[in-house]
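Participant: For reference, the structure I am asking about is given below.
The values are calculated or read from the model by the stated rules, or taken from the named source; none is laboratory data. Everything numeric in this text was worked out from a predicted model, so none of it was measured. Note that we place each Cβ from the backbone using ideal geometry, even for glycine, and neighbour counts take in every protein chain shown. SASA here: full protein model, heavy atoms, side chains in, ligands and nucleic acids out. Shrake-Rupley method; radii C 1.70, N 1.55, O 1.52, S 1.80 Å.
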Amino acid sequence: PGPGMIRVERRILMPGRNCAACIRYYELGWQVEGTLPLPTQSSACDGNCRCRLERKEIAWDELGAVEGTKT
(Lines give C-alpha, C1' and ligand atoms only; values in the text may rest on other atoms or scores of the structure.)
Protein backbone atom coordinates (compact mmCIF):
# COMPACT_ATOMS: atom_id res chain seq x y z
CA PRO A 1 0.00 0.00 0.00
CA GLY A 2 1.02 3.56 -0.58
CA PRO A 3 1.67 6.15 2.12
CA GLY A 4 -1.30 6.57 4.46
CA MET A 5 -3.01 3.50 3.02
CA ILE A 6 -3.81 0.05 4.42
CA ARG A 7 -5.04 -3.10 2.70
CA VAL A 8 -8.20 -4.78 4.00
CA GLU A 9 -9.91 -8.02 3.06
CA ARG A 10 -13.22 -9.81 3.56
CA ARG A 11 -14.46 -13.35 3.00
CA ILE A 12 -16.91 -13.84 0.14
CA LEU A 13 -19.17 -16.89 0.42
CA MET A 14 -19.87 -18.68 -2.81
CA PRO A 15 -23.33 -20.12 -3.53
CA GLY A 16 -23.98 -23.55 -2.10
CA ARG A 17 -23.16 -25.06 1.26
CA ASN A 18 -20.68 -23.24 3.46
CA CYS A 19 -19.13 -24.60 6.65
CA ALA A 20 -19.61 -22.84 9.99
CA ALA A 21 -16.03 -21.53 9.98
CA CYS A 22 -16.44 -19.87 6.58
CA ILE A 23 -19.71 -18.27 7.68
CA ARG A 24 -17.98 -17.00 10.84
CA TYR A 25 -15.17 -15.45 8.74
CA TYR A 26 -17.78 -13.85 6.47
CA GLU A 27 -19.56 -12.37 9.50
CA LEU A 28 -16.31 -10.61 10.53
CA GLY A 29 -16.65 -8.35 7.47
CA TRP A 30 -13.70 -6.25 6.37
CA GLN A 31 -10.52 -6.89 8.34
CA VAL A 32 -6.90 -5.77 8.08
CA GLU A 33 -5.15 -7.98 5.51
CA GLY A 34 -3.69 -11.10 7.11
CA THR A 35 -6.38 -11.35 9.81
CA LEU A 36 -8.54 -13.87 7.95
CA PRO A 37 -7.18 -17.27 6.92
CA LEU A 38 -7.03 -18.06 3.25
CA PRO A 39 -9.96 -20.09 1.91
CA THR A 40 -9.29 -23.83 2.48
CA GLN A 41 -7.32 -23.04 5.66
CA SER A 42 -8.79 -23.23 9.17
CA SER A 43 -12.18 -24.43 7.98
CA ALA A 44 -14.03 -27.75 7.99
CA CYS A 45 -14.53 -27.65 4.23
CA ASP A 46 -10.72 -27.87 3.80
CA GLY A 47 -9.83 -28.38 0.12
CA ASN A 48 -13.50 -28.21 -0.92
CA CYS A 49 -13.85 -24.55 0.08
CA ARG A 50 -15.19 -22.38 -2.72
CA CYS A 51 -15.00 -19.07 -0.83
CA ARG A 52 -12.71 -16.28 -1.90
CA LEU A 53 -11.11 -13.20 -0.39
CA GLU A 54 -11.79 -9.73 -1.70
CA ARG A 55 -9.09 -7.13 -1.00
CA LYS A 56 -8.87 -3.38 -1.37
CA GLU A 57 -6.72 -0.47 -0.22
CA ILE A 58 -8.22 2.25 1.93
CA ALA A 59 -6.86 5.27 3.75
CA TRP A 60 -5.80 4.58 7.35
CA ASP A 61 -8.32 7.13 8.60
CA GLU A 62 -11.16 5.12 6.97
CA LEU A 63 -10.30 1.89 8.81
CA GLY A 64 -12.61 2.56 11.78
CA ALA A 65 -15.59 3.11 9.48
CA VAL A 66 -14.90 0.02 7.34
CA GLU A 67 -13.58 -2.63 9.72
CA GLY A 68 -16.23 -5.22 10.59
CA THR A 69 -18.70 -4.08 7.92
CA LYS A 70 -19.78 -6.38 5.13
CA THR A 71 -20.32 -3.79 2.40
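Participant: For the range 6-18, take each phi angle, set θ = phi - 60°, evaluate the Karplus expression 6.51 cos²θ - 1.76 cosθ + 1.60, and give the result in whole Hz per residue in order, putting x for glycine and proline.
Facilitator: Computed from phi, the couplings for the range 6-18 are 9, 9, 10, 9, 9, 7, 10, 7, 8, x, x, 7, 10 Hz.
Participant: Applying the Karplus parametrisation 6.51 cos²θ - 1.76 cosθ + 1.60 with θ = phi - 60° to the phi angles of the range 64-70, what ³J(HN,Hα) value in whole Hz is obtained for each residue in order, glycine and proline being reported as x?
Facilitator: x, 7, 9, 4, x, 8, 9
Participant: Here is a follow-up. Mind checking which of Pro39, Cys49, Gly64 is farthest towards the positive end of the chain's charge dipole, using Cβ charges of +1 (Lys, Arg) and -1 (Asp, Glu) about the Cα centre?
Facilitator: Result: Cys49, furthest along the dipole toward the positive end.
Participant: Calculate what fraction, in whole %, of the accessible area of the chain sits on carbon and sulfur atoms when a 1.4 Å probe is rolled over the protein chains.
Facilitator: 51 percent
Participant: So, one more: Over the chain, what is the relative contact order in whole percent, taking alpha-carbon pairs under 8 Å and six or more residues apart?
Facilitator: 45 percent
Participant: Quick one: Karplus J couplings for the range 20-29, per residue in order, coefficients 6.51, -1.76, 1.60, θ = phi - 60°, nearest Hz, x for Gly and Pro?
Facilitator: Karplus values, whole Hz, x for Gly and Pro: 4, 5, 5, 5, 4, 5, 4, 5, 6, x.
Participant: Over the chain, average the accessible area per residue using a 1.4 Å probe and give it in Å², no decimals.
Facilitator: With the other protein chains kept in place, the chain gives 63 Å² per residue.
Participant: Taking the chain as a Gaussian network, Cα atoms linked when under 10 Å apart, which of Gly29, Gly16, Gly47 shows the biggest mean-square fluctuation?
Facilitator: Gly16
Participant: In nanometres, what is the gap between the two model label sites at Thr71 and Tyr26, each 7 Å from Cα along Cα-to-Cβ?
Facilitator: It works out to 1.8 nm between the two label points.
Participant: Okay, next question. Ignoring everything but the protein chains, give the 1.4 Å probe accessible area of Glu62 in square angstrom, nearest 10.
Facilitator: Here the residue's solvent-accessible area equals roughly 90 Å².
Participant: Let me ask another. Net charge near Val66, counting Lys/Arg +1 and Asp/Glu -1 over other residues with Cβ under 13 Å of its Cβ?
Facilitator: Here the charged neighbours net out to -2.
Participant: So what's the net charge close to Met14: Lys and Arg +1, Asp and Glu -1, counting the other residues with Cβ under 13 Å from its Cβ?
Facilitator: Once all neighbours under 13 Å are counted, the net charge is +3.
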